[in-house]
Amino acid sequence: MGIVSSKPPVFRLTFLGATGTVTGSRYLVEAGDKRLLVDCGLFQGYKALRLRNWAVFPVDPASIDAVVLTHAHLDHSGYLPKLVDEGFEGVVWCTPATRRLCGILLPDSAHLLEEEAGYANRTGTSKHHPAEPLYRVASAHEAVRRMRNWDFDAPFEPVPGVTARFRSQGHILGAAAVTLSYRGVSVTFSGDIGRYHDPVMQAPNRPAASEWIVTESTYGDREHPPGGMKQELCDALKPVLQRGGVAVIPAFAVGRAQSLLHVIAQLQEEGELPAAPVYLNSPMATDVTSLYRQYSGQLRLDEAALEKMYRNTRIINSPEESKELNRRKGPMVIVSASGMVTGGRVLHHLIAFAPDPLNAIILCGFQAGGTRGALLAGGAGHVRIYGEDIAIGAQVKQLASASAHADATEIIAWLRSAETRPRGVFVTHGEPHAADRLRVRIEHELGWSAFVPEFGATFDLMSGGLDVGLMARGPLGIEKFSTS
């Protein structure tokens, strides 16, 4: 007669990122003897965070059986090529649009990393000799090759014994909440929650029935203004264009750039803005924009609105055209990546146009601490670009309504709409104050248990206990919450 094990089944969640910060989304789920990651993002912003990208991964990548992506933004997907380099050999599960976007974003990220390393080697500005990129273009293509498409609302098994399901979240093309179920216990990861009244993307779906929810909290301590992006963008752009200035808009290539182009086209057609030329100078954003027709079912826009957006926008393709744009005079609008001014062609536009008070820099999304965007939003008189201090004479305006993330009240509304009351909510993907403020609101307004986990915390999803007073050294060599 065989021996029957009395050990309870293992279903554990460990927080390897997006704790105390809005970047580096990485959640390790252990189910039985299988391991999978939900999201595999880059840390961005402060140097101390970025250095985590270079640290030894807390779990042997070769021991991870699969990755499930909520969406394509680099703070959720951008570490995948490095994970592949370090030995990960499994499948990456995502929605079809997420795979298409990753096919654009990951090679572009790798190309920029290679360029930065090459520049550092040519100028001797790195402490490392030679400077190496975090990963290369070949690794990015290999990561995309590992991806397997799966549609919204259709169950699949990323690893044996675990059932998963994607549910549309708005935010950007392909963005999903992910629900994992194992032996009757479920946990839902919100990914990034979209807006209920986004001008381009459909509203997020309600959370699936789950014992546990892991929610983002990027705007967990604030509300977006009631007027919406259209009026705020008009108020920011109109005086600049009327005085013949150049409006430089750093924009995330996926999502924000397209929303901005749509709203600007509307405003110009309605006569609210002068008929100044509008340029999209981001090869990646251009490629992304071309996908919108293919996935129009995820949009609020009809074919006429898409056509208007394309017709109103002048695409800048080559580096030569980009350089020529810097020699032109206003009035004009330049939309260019990256949204937090961390790299890309927008840096050259700032060098050209930021010193002149006739011009304006319009920020239109969350600016993580430690980025140039955060410095600009904070009123910095200069920013450092390619080793030089660039004076900021231009007016700097940060739009409060342009984010693709739900604000605090919208997150509460999304949680409240859950099919069943969860046993608890983990609040992640936010700065400390934002995460804790959302925790308080969840507890007071919904009456649910809510926790803000620290980096490396491990939670037993089966036992359901969380005693933050009992700390133990976990099997990963990092701190975990004891549930015994």
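The values are calculated or read from the model by the stated rules, or taken from the named source; none is laboratory data. None of the values given here were measured: they were computed from a predicted structure. Note that each Cβ is placed from the backbone with ideal geometry, even for glycine, and that neighbours are counted across all protein chains shown.
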- All positions within segment 150-170 that are over 18 Å from L37 (Cβ atoms) and loosely packed, with under 14 Cβ neighbours inside 10 Å: D151, D153, A154, P155
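Quick check: anything in segment 202-223 hydroxyl-bearing (S, T, Y), over 16 Å from the mean Cα position of the chain (by Cα), closer than 26 Å to L106 by Cα and outside any loop (DSSP other than H, G, I, E, B)? Give the derivation first.
So the first thing to find is which residues in segment 202-223 are hydroxyl-bearing (S, T, Y), and the list is 210, 215, 217-219.
The next check asks that each one be over 16 Å from the mean Cα position of the chain (by Cα); those that pass are 210.
Still in the list and also closer than 26 Å to L106 by Cα: none.
For segment 202-223, residues hydroxyl-bearing (S, T, Y), over 16 Å from the mean Cα position of the chain (by Cα), closer than 26 Å to L106 by Cα and outside any loop (DSSP other than H, G, I, E, B): absent.
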- Message: Please go through segment 128-182 and give me each residue that is closer than 20 Å to E86 by Cβ and touching a strand residue (DSSP E or B) at 6+ places or on another chain (Cβ under 6 Å), ordered by number.
- Response: R146, M147, P158, V159
- Would a scan of segment 315-328 turn up a residue that is within 23 Å of H197 (Cβ to Cβ), in the same structural domain as I361 (by TED's automatic domain parsing) and surrounded by 14 or more Cβ atoms within 10 Å (Cβ to Cβ)? no
- Task: Out of the residues in segment 184-196 that are in contact with a strand residue (DSSP E or B) (Cβ under 7 Å, 6 or more places away or on another chain) and either part of a loop (DSSP other than H, G, I, E, B) or not assigned by TED's automatic domain parsing to the domain that holds H429 (or both), state the one that is farthest from Y27 (Cα to Cα).
- Result: G194
- Can you pull out the residues in segment 92-134 that are free of Cβ contacts under 8 Å to residues at least 40 places away in the same chain and part of a loop (DSSP other than H, G, I, E, B)? G124, S126, K127, H128, H129, P130, A131, E132, P133
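For residues in segment 183-196 being surrounded by fewer than 20 Cβ atoms within 10 Å (Cβ to Cβ) and touching a residue at least 24 places away in the same chain (Cβ under 8 Å), which is nearest to I104 (Cα to Cα)?
Our first condition is that a residue be surrounded by fewer than 20 Cβ atoms within 10 Å (Cβ to Cβ); within segment 183-196, this holds for 183-185, 196.
With touching a residue at least 24 places away in the same chain (Cβ under 8 Å) added as a condition, the list becomes 183, 185, 196.
On the way: R183: 37, V185: 35, Y196: 27 Å.
Going through the qualifying residues, I end up with Y196.
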- Query: For the subset of segment 174-199 comprising residues that are modelled with pLDDT under 95 and under 17 Å from the mean Cα position of the chain (by Cα), which member is farthest from A66 (Cα to Cα)?
  - Reply: D198
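Quick one: which strands (runs of 3 or more DSSP E) sit completely within segment 350-445 and have at least 3 residues that are surrounded by 21 or more Cβ atoms within 10 Å (Cβ to Cβ)? Lay out the reasoning, then the answer.
On the way: elements: 360-363, 382-385, 388-391, 395-398, 424-428.
Filter on segment 350-445 gives 360-363, 424-428.
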- If you check P226, P199, which single one turns out to be in a loop (DSSP other than H, G, I, E, B), touching a residue at least 60 places away in the same chain (Cβ under 8 Å), more than 16 Å from G424 (Cα to Cα) and not hydroxyl-bearing (S, T, Y)? P199
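Output the residue which, of all residues in segment 21-53 that are among the small types (G, A, S) and surrounded by fewer than 20 Cβ atoms within 10 Å (Cβ to Cβ), is farthest from P453 (Cα to Cα).
Initially, segment 21-53 is screened for residues among the small types (G, A, S), giving 24-25, 31-32, 41, 45, 48.
Among the residues that remain, those that are also surrounded by fewer than 20 Cβ atoms within 10 Å (Cβ to Cβ) are: 32, 48.
On the way: G32: 23, A48: 19 Å.
That would be G32.
Can you confirm whether E89 is more than 22 Å from the chain's Cα centre (by Cα) and either surrounded by 24 or more Cβ atoms within 10 Å (Cβ to Cβ) or not in a loop (DSSP other than H, G, I, E, B) (or both)?
So E89 fails the test.
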- Working carefully through the options L173, L260, L180, find the one that is crowded, with 24+ Cβ neighbours inside 10 Å, outside the structural domain of D436 (by TED's automatic domain parsing) and of a type outside the set (V, I, T). L260
- Could you please tell me which pairs satisfy a Cβ distance under 9 Å, a separation of 6+ or placement on different chains, a first residue in segment 444-455 that is assigned by TED's automatic domain parsing to the domain that holds V22, and a second residue that is acidic (D, E) and assigned to a strand (DSSP E or B)? E454/E479; F455/E479
- Return a yes/no flag: does segment 231-247 have any residue that is assigned to a strand (DSSP E or B), of a type outside the set (F, W, Y), in the same structural domain as L280 (by TED's automatic domain parsing) and in contact with a strand residue (DSSP E or B) (Cβ under 7 Å, 6 or more places away or on another chain). yes
